[in-house]
Amino acid sequence: MNLSDFKQFHLNIKIRMVVSFVSDIAEMSIFPFMAIYFSSNLGIAWAGAILTLTTVVSIIFGMYGGSFADRFGRKKVMVAGSMIQTISFVIIALANSPWFESVWLTFFMFFLLSITSRFIDPASEALLIDVSSEEEQPLMYRFVYWSSNLAFSIGIILGGLFFQTHKFELFLGFAILSIFTFLLTVGWIQDDYVPKNDKKNGVILGFISDYIKVLKDVRFMVLCVSTLLILSLEFQLYGFIAVRLNEDIHTSIFGLIIDGPKMLSILIVTNTMIVILASGIVGNIAQKINMNTTLFVGLFMYVLGYSFLAWNNVIVLLTVAIAVATVGEILFQPIRSTYVAQLANKDARGSYIAVSGLSMDAGQILGSLGLMVSALLSNAMMTVLFLLIGGLGIMGFLWTVQDYRLKTKKDIA
């Protein structure tokens with residue numbers, strides 16, 4: 001995984017990675033801090049209502065984005081969404097300028113930014129699949145995984161440094177960058193996909209028809225359910241595991257006091273640094289190994305790492321556990337994305353990608369339920385529960401891979 005590998009990709013892939021990199025930095029510089037902004041200006045109740053509404057509507061728009069990408073073309077959806085995002089950034093900058101301030105205008109623009117971001121995602125992902133071969137997809141998704149994590153880290157740092165004190169400059173900077181990404185999308189993206197012609201169904205009926213077909217694809221749905229089970233373990237880090245560390249970790253190393261919050265910070269920083277610094281090395285090793293071997297080694301490492309975090313209190317071992325889980329994630333995530341790409345029906349890739357995206361949302365919900373369940377179970381029992389959930393997820397991946405290989409052999413025969 002190096003610059004020469006990146007150069008060999010189709011122009012659409014390069015442009016999409018650049019656009020997504022800039023967009024991810026912008027989102028992570030702003031979105032995580034909006035809860036603080038709204039609660040400070042409107043109160044906690046209003047902030048909670050605004051963020052909940054935004055999340056729910058964004059999910060719905062993401063589903064429509066997938067359907068529209070299949071019916072009207074990838075580029076049209078991306079251009080429309082990018083244009084709305086550019087206008088939203090300009091207005092949100094003006095609404096937080098030295099000359100004019102409006103919390104409600106900021107909310108409305110934040111709302112538009114959130115839903116258009118989700119609306120664009122299936123189209124941009126389908127565009128990647130359209131122009132990539134099955135052989136290059138694992139490498140492509142390694143680049144996507146690494147660049148998105150790097151962008152998230154940069155965004156969080158920028159937001160932490162400038163959101164509170166330099167909101168106007170931050171928003172203005174991203175407004176300018178958004179104009180740049182809009183022009184890139186309009187001028188350089190090549191969309192060779194021919195939208196399906198469905199004159200019998202309108203927008204609503206067509207939308208329903210698209211997703212009924214996806215839901216009937218058992219192999220793909222098993223992959224999605226398996227994904228949400230696996231990803232739910234990572235979300236425990238910010239729920240049950242965070243609370244457990246706060247209750248159980250009270251120690252010191254070389255005179256430095258380590259409590260729960262500090263331990264959580266160590267784990268998050270370790271995770272981030274490994275992803276950013278080691279993805280290339282791990283990816284290069286993975287390229288020399290069978291794709292399915294890489295997938296399942298990664299899944300086992302991921303499940304074991306997060307399960308270990310559920311009960312152990314030794315700082316060094318906890319750090320090793322998050323390192324193991326992170327390397328596992330680096331191994332399996334690009335392969336999982338590759339299988340999503342290969343299982344998605346060619347004429348409905350946008351819809352398939354939108355459903356796949358729900359795995360993250362469902363995994364987050366399942367992860368948050370872990371905190372509720374932990375009130376009834378001991379740490380040891382939570383560890384067993386993590387292993388069971390992870391085991392079910394791995395079994396689902398195993399069935400999907402085997403079934404796909406059988407289908408591929410039949411198609412060749």
Query raised in the report: Looking at I87, is it of a type in the set (V, I, T), farther than 17 Å from G350 by Cα and modelled with pLDDT of 95 or more?
Result: yes
Requested in this report: Mind listing whichever residues of the stretch 326-342 are under 17 Å from the mean Cα position of the chain (by Cα) and farther than 11 Å from V275 by Cα?
Outcome: F332, Q333, P334, I335, R336, S337, T338, Y339, V340, A341
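Among the residues of the stretch 94-115, how many are of a type in the set (D, E, K, R) and within 12 Å of L51 (Cα to Cα)?
Total satisfying the criteria: 0.
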Query raised in the report: When both residues are 6+ apart or on different chains and their Cβ atoms are under 9 Å apart, which pairs have a first residue that lies in the stretch 1-19 and is surrounded by fewer than 16 Cβ atoms within 10 Å (Cβ to Cβ), and a second that is outside any helix (DSSP H, G or I) and modelled with pLDDT under 95?
Result: Q8/E136; L11/V131; L11/I189; L11/Q190
Query raised in the report: What do you reckon, is L299 more than 18 Å from T319 (Cα to Cα) and assigned to a helix (DSSP H, G or I)?
Result: yes
Report task. Could you identify the single residue in M372, M382 that is over 25 Å from N149 (Cα atoms) and buried (at least 17 other Cβ atoms within 10 Å of the Cβ)? Result -> M382
Report task. Using the structure shown, decide if T294 is part of a helix (DSSP H, G or I), surrounded by 17 or more Cβ atoms within 10 Å (Cβ to Cβ) and either at pLDDT 95 or above or not acidic (D, E) (or both). Result -> yes
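The values are calculated or read from the model by the stated rules, or taken from the named source; none is laboratory data. Predicted model, so just to flag it, every value in this text is computed and none were measured. Positions of Cβ are generated from backbone atoms using ideal geometry, with glycine treated the same way; all protein chains shown enter the neighbour counts.
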